[in-house]
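To keep things clear, I will list the structure first and then write my remarks on it.
The values are calculated or read from the model by the stated rules, or taken from the named source; none is laboratory data. All values derive from a computational prediction rather than experimental measurement. Virtual Cβ from ideal backbone geometry, glycine too; neighbours counted across all protein chains shown. Areas reflect the complete protein model, heavy atoms only, side chains present, ligands, DNA and RNA absent. Shrake-Rupley method; radii C 1.70, N 1.55, O 1.52, S 1.80 Å.
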Amino acid sequence: MEQQGQGGGSTEPKPKKSLSLNVVSNKEHRGFGAGSIDLSAVSPVVIDGNEAVIDVGAMHAKSKIEKGIKFSPNKEDVPNGRPCWIVWVAVDRNDEGAFYGGATACDMLVDTEARRGWKLLADHVNRLDYAIKRRFMLDNLGPEQKAALKQLLMDHNQEWWDRSPDTLKQALEA
């Protein structure tokens, strides 16, 4: 009896193609992955109350606080929602080493009991793009959230924090 996968065909594994988010542009597409953005240098941080954690599930709207929540673009649908944030943090590199190069905060409301939430998806996408473009937009965070984010970034990698631009450090002063 002949086993599947054996025979005259090549046994060399095919190289995997890297999948990344395609960006729509007016340029002609030049094959697989053309016009794509590398999201490997971006991490989502979720801030709930005064606690900040890295939650990669947020990249696909599946963070711990988003799971099982039906989101609406209308704030009125979530009268008892607690404020939460997703902060897109981009890591960049220069001759000295890696540093936090961009950070943008997106607010949302989550009512875990009612399994309802509010967020503006377009705002989340735009702010992710701004972080990738190495911008800082953290003005919608309160003092507690700024302190939690600052502590998380410092604890995660103090050297990255030390090399980060003063713009970020000033934005996170409570």
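Quick look at the values:
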{"read-out": "Matching residues in segment 141-174 - criterion: being more than 18 Å from ARG93 (Cα to Cα), open to solvent by 40 Å² or more (accessible area, probe 1.4 Å) and modelled with pLDDT of 95 or more", "value": "PRO143, GLU144, ALA147, LYS150, GLN151, ASP155, GLN170"}
{"read-out": "Residues of segment 105-149 that turn out to be more than 16 Å from PRO73 (Cα to Cα) and of a type in the set (Val, Ile, Thr), as a count", "value": "2"}
{"read-out": "Pair list, Cβ < 6 Å and 6+ apart or interchain, from segment 159-174 residues that are hydroxyl-bearing (Ser, Thr, Tyr) to residues that are open to solvent by 100 Å² or more (accessible area, probe 1.4 Å) and not in a helix (DSSP H, G or I)", "value": "none"}
{"read-out": "Qualifying position, being of a type in the set (Ser, Thr, Tyr) and under 16 Å from the mean Cα position of the chain (by Cα), among THR112, THR104", "value": "THR104"}
{"read-out": "Of all residues making up segment 120-132, the number that are in contact (Cβ under 8 Å) with a residue 12 or more places away in the chain and either surrounded by fewer than 18 Cβ atoms within 10 Å (Cβ to Cβ) or among the charged types (D, E, K, R) (or both)", "value": "5"}
{"read-out": "Flag for LEU109 being touching a Pro at 6+ places or on another chain (Cβ under 7 Å) and open to solvent by 30 Å² or more (accessible area, probe 1.4 Å)", "value": "yes"}
{"read-out": "Exclusive hit being at pLDDT 55 or above, open to solvent by less than 40 Å² (accessible area, probe 1.4 Å), of a type in the set (Ser, Thr, Tyr) and not in a helix (DSSP H, G or I), set SER63, SER43", "value": "SER63"}
{"read-out": "One residue from ARG115, ARG93, ARG135, ARG82 being exposed (fewer than 15 other Cβ atoms within 10 Å of the Cβ) and under 19 Å from PRO165 (Cα atoms)", "value": "ARG93"}
{"read-out": "Among (1) under 25 Å from ARG82 (Cα atoms); (2) touching a strand residue (DSSP E or B) at 6+ places or on another chain (Cβ under 8 Å), the one test that VAL125 misses", "value": "(2)"}
